[in-house]
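Peer 1: Before I ask anything, here is the structure I am working with.
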Amino acid sequence: MSTTLPPASLPHADTVPPLHRFTVEEYLQLSRIGVVHADDNLELIEGVIVDKMTQNPPHAVCVTRLNRLLLQQLDDRWSVRSQTVLGLADSLPEPDFVIAVGPDDRYARSHPAPADTALVIEVSHDTLQYDRRTKGRVYARAGVARYWIVNLVDRQIEQYADPDSAAVEPSYRLKQVYREHETVTFQPDGKTTISLKVADTLPPP
C-alpha cells in the first residue's frame, strides 16, 4: 500500500504538494517493467525516489582506497559490497560499502538485510549533512548496527553505533570521531578485525 509524504516534512513545504510514496515492492516493479533502470543513478529513500550524487574525484579515490583496504583484511566469510543495494523495509539505499556476512553467493537472490550487515559506510563530501541526518535516520530505523561516515570535508571517520530504531526520530545513541592521525578498529564478529588508519582512506588534501 502506498502513502503520501506530507508537505510539512519537505523543504519549502508551503509550496510543495504531497508526493507519492512508493513501497519497496512498487519500486522493484518499476525496475522489472523498465521504468527505472540500473544506470538511472536513483535510489529509494523512505519511499521517495531520489537522485544519487555523481561522484567527484576525491570521493572516487576514497572509495577505491577503502575497497582495497577492506578486501585486504576480510576473507570470504564476509561480502564486501560497494555501491550495491541494501534491502530495508521502506528504502533501497546504495551505500558506498556494505560489509555483510558472506559468502558473496549468499546474496544471489536477495539483497543483504540489516540482520546480515555488520557495517555500512558512506563517503561524504557534498552530501555530508544528508548522510548524517537522512541516511543516519534510515539506517538507525532499520536497525543497522554500525554506520561509518568517511567525512571528506573534515577529514575524519565518524562511527555511529547502538541504533535507537523506536525513537520518533530514529538515530544512533553512540558517536565517535576518528581524526586523520588516528586509527579506527572494529571487530564485526569478535574475531575478525577491521583496522583502518584514517589517513590511508583519504584522498590527498
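Peer 1: In nm, what is the difference between 0.36 nm times the number of residues separating residue 71 and residue 182 and their Cα-Cα distance?
Peer 2: On the way: separation 111, 0.36 × 111 = 39.96 nm, distance 2.05 nm.
Full-extension gain reported as 37.9 nm.
Peer 1: Per DSSP helix of 4 or more residues, -39500 (n - 2.57); summed, then divided by the residues of the chain. What does that give at 222 nm, rounded to the nearest 500? Intermediate results must be reported in sequence, preceding the final value.
Peer 2: Details: 4 runs with 37 residues, N = 205.
One gets -5000 deg cm²/dmol as the mean residue ellipticity at 222 nm.
Peer 1: Does region 68-173 come out rounded, prolate or oblate by the C-alpha gyration tensor, with a ≥ b ≥ c the root eigenvalues, rounded set by a/c under 1.5 and, if not, prolate when a/b is larger than b/c and oblate if not?
Peer 2: Values: a/c = 1.84, a/b = 1.23, b/c = 1.50.
Oblate.
Peer 1: Determine one quarter of the surface area of the Cα convex hull of the chain, which equals its mean projected area, and express it in nm² to one decimal.
Peer 2: Working: hull surface 49.4 nm².
Mean projected area for the chain: 12.3 nm², to one decimal.
Peer 1: Of all DSSP beta bridges in the chain, what percent run antiparallel (nearest 5)? Walk me through the numbers before you get to the answer.
Peer 2: Numbers: 32 of 37 bridges.
About 85 percent, rounded to the nearest 5.
Peer 1: Between residue 60 and residue 101, what is the label-point separation in nm under the 7 Å Cα-to-beta-carbon projection?
Peer 2: Output for this residue pair reads 3.7 nm.
Coordinate-derived values only; no laboratory data. The structure presented is a predicted model; accordingly, all values stated were derived computationally and were not measured. Neighbour counts are summed over all protein chains in view; Cβ atoms, including those assigned to glycine, are modelled from backbone coordinates with ideal geometry.
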